[in-house]
């Protein structure tokens, strides 16, 4: 089971150069853990692509259906006080945006480094660096 950042989720339902890589990871290990807000980040990415003319409304709706299918199978780390507290600490230590800090905090809540060496699937370089420093193992 791996923690998936939204940067790695989007290529699962939008054809991108990284799509084959993330599909291979999902085939290898279908267990997915995500932050509670990841689905909103995915919807945002789809809507932005439609607004920029990269695909039609129908394409966006089809991709949202794939997101919904994945969401029924993944485990979500909910927005708790504990996650928020960890995110606050992470922001003091790493040069991250708030949503990235929440991603790391959710991953750490799922797999504390002292207990489980958790893997995180992400294409975001800053998030990858922070995850590594926090004891998580970046996969991409």
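All of the numbers you see were taken from the coordinates with simple rules; none came from a lab. Predicted, not measured: the structure shown is a model, and the values here were computed from it. Note that we place each Cβ from the backbone using ideal geometry, even for glycine, and neighbour counts take in every protein chain shown.
Between 0 and 90 degrees, the angle of helix 81-93 with respect to the longest Cα principal axis of the chain falls at about 80 degrees. Note on the chain: helix-only mean residue ellipticity at 222 nm, from DSSP H runs of 4+ residues weighted -39500 (n - 2.57) and normalised by residue number, equals -17500 deg cm²/dmol. Our note on the geometry: Cα centres of the range 62-140 and the range 9-50, 14 Å apart. Each of residue 133 and residue 85 was given a label point 7 Å from its Cα along the Cα-to-Cβ line. The distance between the two points is 2.2 nm.
Give the angle, between 0 and 90 degrees and rounded to the nearest 10, that separates the Cα long axis of helix 98-110 from the longest principal axis of the Cα atoms of the chain. Orientation of helix 98-110: about 70 degrees from the principal axis.
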